[in-house]
Amino acid sequence: MQGKGISEPALKLDWPQLMAFKRSFTAPAPARNEKKFEEAGITTFHGQAHFVGPTTLMVGTETTLEGHYIVLATGAKPASLGIAGEEYLTTSEQFLELEQLPSSIIFVGGGYIAFEFAHIVLRAAAGSPKVQILHSSASPLEGFDPDLVAQLVKATTEDLGAEIQLNTEVKSIEKQSDGHLLVQALISSPREEEPQPSQHVQSFGADMVVHAAGRVPEIEGLDLEKASIKSDAKRGIIVNEYLQSVTNPAVYAAGDVAISNGGLPLTPVASLEGSVIARNLLDGSRNHQTYKPNYVGVPTVVFTIPSLARVGLQEKEAHVQGLLFKVEQADTSGWYSSSRINLKPSGYKILIGEGAGDNNNRILGAHLLGYQAEEVINIFGLAIRNGLSVSDLKAMVYAYPTSAADISSMVG
Ligand SMILES: Cc1cc2nc3c(=O)[nH]c(=O)nc-3n(C[C@H](O)[C@H](O)[C@H](O)COP(=O)(O)OP(=O)(O)OC[C@H]3O[C@@H](n4cnc5c(N)ncnc54)[C@H](O)[C@@H]3O)c2cc1C
């Protein structure tokens, strides 16, 4: 907004101050939660837990706990990349604890963590840091709409100055004598009419290399075999639709450690699953197998500036399912809701069901890029979760001027 009503120089992050502010509300949380647990009659034990029997856990080296039921909620951790120099990678947790931002950063992986961190650094850090994102496949942010991703990638590279290198597989990281890190990567370039792409090795240098190449369920060290709990390195604890281990009915699992049930690794999904398990455990009927999580209409957001959001199906998924649908889409960078605050890019793609079935005139998927996309997507989530029709969304009288007021124009 500089020169468009704001005359002060552009605001810049004071990273150490921001970290101190963050800690002012994150640091007290564990003790506060523990106190609440205590008030509710829940005892907390601190330490690494692992199974020593089907319903027995050892916490640390001394405490043994026996339960009629055990709920696993150990979350996820950065996936091991199996490359030389892996120990030089900075994890997302470590990045969010840095005292100072480095002046050049390489992100290994082009998912939401890389894009969110890159936008923080490029949009707001002082001193024009250099940011490179190395991504192994041809398109980053694979869970999001490719057309909106293309808009975001263009803005991230052309307007913010990030370098995004696709089809680039990181092979090793070396630390040089001056502390600088050198990444060796294999770059594949598809060749017309040739089955094999041409490949070459290229080096990339930076002060810091951040692991943004995916997370896997945290099952290591749980000694699951001692409790006959089936698991998979990528999908975590294998659970049934009631979130109960398929091989040990005394064990339930929620959150990032149990994505085998189809729930996305997201905070609200972990909460939903936790409450489903609690209800199953407290309700003794049907062998503690009554409630199932409903994942319909759960939105997910890339918190870049502006944000990219998705709920429901992508176009390719709707095609695979053989659904009849039409697509409403536009680049809305010139629309009032984006241009009045000078925040670009923006756009949307909405999938609307057609044909004679229940899907007719219903929202099958909504994809938004732009100012307040992270808020507006919740309305599409509500529509999908509750089967609201396009006519319902159009009949709503939206507060004006708000970003949600664009919905009636988006749905045709
Ligand atoms: C950088 C980043 C950004 C994210 N941004 C978002 C976002 O914007 N929105 C969103 O919805 N989600 C986001 N997520 C995902 C979100 O953090 C997870 O989905 C959520 O925390 C999962 O909750 P959980 O309870 O399953 O696991 P966690 O929150 O990971 O908690 C698991 C806990 O179990 C502990 N633990 C592990 N093993 C053991 C053991 N053997 N014994 C005892 N304790 C153990 C761990 O130390 C941890 O404290 C983000 C994740 C990352 C990494």
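Show the residue pairs meeting these rules: Cβ distance below 6 Å; 6+ apart or different chains; first residue within segment 53-66 and in a strand (DSSP E or B); second residue polar (S, T, N, Q) and exposed (fewer than 14 other Cβ atoms within 10 Å of the Cβ).
These pairs meet every condition: Met58/Thr64.
Show the residue pairs that are 6+ apart or on different chains and have beta-carbon atoms under 7 Å apart, the first residue being within segment 258-272 and touching a residue at least 12 places away in the same chain (Cβ under 8 Å), the second being in a loop (DSSP other than H, G, I, E, B) and buried (at least 22 other Cβ atoms within 10 Å of the Cβ).
Listed pairs, sorted by first residue: Ala258/Leu243; Asn261/Leu243; Val269/Gly263; Ala270/Ala254.
Looking at Val302, is it surrounded by 15 or more Cβ atoms within 10 Å (Cβ to Cβ) and either within 16 Å of the ligand (Cβ to nearest atom) or on the phi < 0 side of the Ramachandran plot (or both)?
yes
Restricting to segment 73-108, name every residue that is within 12 Å of the ligand (Cβ to nearest atom), out of contact with any Leu (no Cβ under 8 Å at 6 or more places or on another chain) and more than 21 Å from Val131 (Cβ to Cβ).
Ala73, Gly75, Ala76, Lys77, Ala79, listed by residue number.
Mind telling me which of the residues Ile377, Ile341 ends up being part of a loop (DSSP other than H, G, I, E, B) and touching a residue at least 60 places away in the same chain (Cβ under 8 Å)? Outline the logic, then answer.
Values: Ile377 fails: part of a loop (DSSP other than H, G, I, E, B).
Within the list Ile377, Ile341, the selection yields Ile341.
Test Glu328 against the criterion of being assigned to a helix (DSSP H, G or I), under 26 Å from Gln151 (Cα atoms) and touching a residue at least 40 places away in the same chain (Cβ under 8 Å), and give yes or no. Before the answer, list the steps.
Working: assigned to a helix (DSSP H, G or I): no; under 26 Å from Gln151 (Cα atoms): yes; touching a residue at least 40 places away in the same chain (Cβ under 8 Å): yes.
No: the conditions fail for Glu328.
Whether any residue in segment 111-125 is modelled with pLDDT of 95 or more, within 12 Å of the ligand (Cβ to nearest atom) and either polar (S, T, N, Q) or more than 25 Å from Leu343 (Cα to Cα) (or both) is what I want to check.
no
Kindly check whether there is at least one residue in segment 350-369 that is among the β-branched types (Val, Ile, Thr) and assigned to a loop (DSSP other than H, G, I, E, B).
Looking through segment 350-369, none of the residues is among the β-branched types (Val, Ile, Thr) and assigned to a loop (DSSP other than H, G, I, E, B).
Kindly establish whether Ser346 is touching a Leu at 6+ places or on another chain (Cβ under 6 Å), among the hydroxyl-bearing types (Ser, Thr, Tyr) and within 20 Å of Leu313 (Cα to Cα).
yes
Out of everything in segment 287-298 that is closer than 15 Å to Tyr69 by Cβ and either within 17 Å of the chain's Cα centre (by Cα) or not in a helix (DSSP H, G or I) (or both), what residue ends up being nearest to the ligand (Cβ to nearest atom)?
Top of the filtered list is Tyr291.
Which numbered condition trips up Lys36, out of (1) at pLDDT 95 or above; (2) more than 30 Å from Met208 (Cβ to Cβ); (3) away from the ligand (no atom under 15 Å from the Cβ); (4) in a loop (DSSP other than H, G, I, E, B)?
It is condition (4) that Lys36 fails.
Report yes if some residue within segment 317-325 is surrounded by 21 or more Cβ atoms within 10 Å (Cβ to Cβ) and either away from the ligand (no atom under 13 Å from the Cβ) or modelled with pLDDT of 95 or more (or both); otherwise report no.
Looking through segment 317-325, at least one residue is surrounded by 21 or more Cβ atoms within 10 Å (Cβ to Cβ) and either away from the ligand (no atom under 13 Å from the Cβ) or modelled with pLDDT of 95 or more (or both).
Restricting the search to segment 12-26, which residues are within 19 Å of His119 (Cα to Cα) and either of a type in the set (Asp, Glu) or surrounded by fewer than 11 Cβ atoms within 10 Å (Cβ to Cβ) (or both)? Spell out how you get there, then give the answer.
If we filter segment 12-26 for residues that are within 19 Å of His119 (Cα to Cα), which is where we start, we get 12-19, 22.
Result: Asp14, Gln17.
In segment 304-319, is there at least one residue being more than 20 Å from Gly111 (Cα to Cα) and not polar (S, T, N, Q)?
Initial filter on segment 304-319 (more than 20 Å from Gly111 (Cα to Cα)): 318-319.
Applying the additional criterion that residues be not polar (S, T, N, Q) yields 318-319.
Checking segment 304-319: at least one residue is more than 20 Å from Gly111 (Cα to Cα) and not polar (S, T, N, Q).
Could you check segment 237-286 and list, in sequence order, the residues that are assigned to a loop (DSSP other than H, G, I, E, B) and away from the ligand (no atom under 13 Å from the Cβ)?
Step one: filter segment 237-286 for residues assigned to a loop (DSSP other than H, G, I, E, B), giving 238, 240-243, 246-250, 254, 262-266, 283-284.
Within segment 237-286, Ile238, Asn240, Glu241, Tyr242, Val246, Thr247, Asn248, Pro249, Ala250, Gly262, Asp283, Gly284 meet the criteria.
Looking at segment 92-146, which of its residues are acidic (Asp, Glu) and crowded, with 17+ Cβ neighbours inside 10 Å?
Selection gives Glu116, Asp145.
The values are calculated or read from the model by the stated rules, or taken from the named source; none is laboratory data. No experiment lies behind these values; they were computed from the predicted model shown. All Cβ positions, glycine included, derive from the backbone under ideal geometry; neighbour counts span all protein chains shown.
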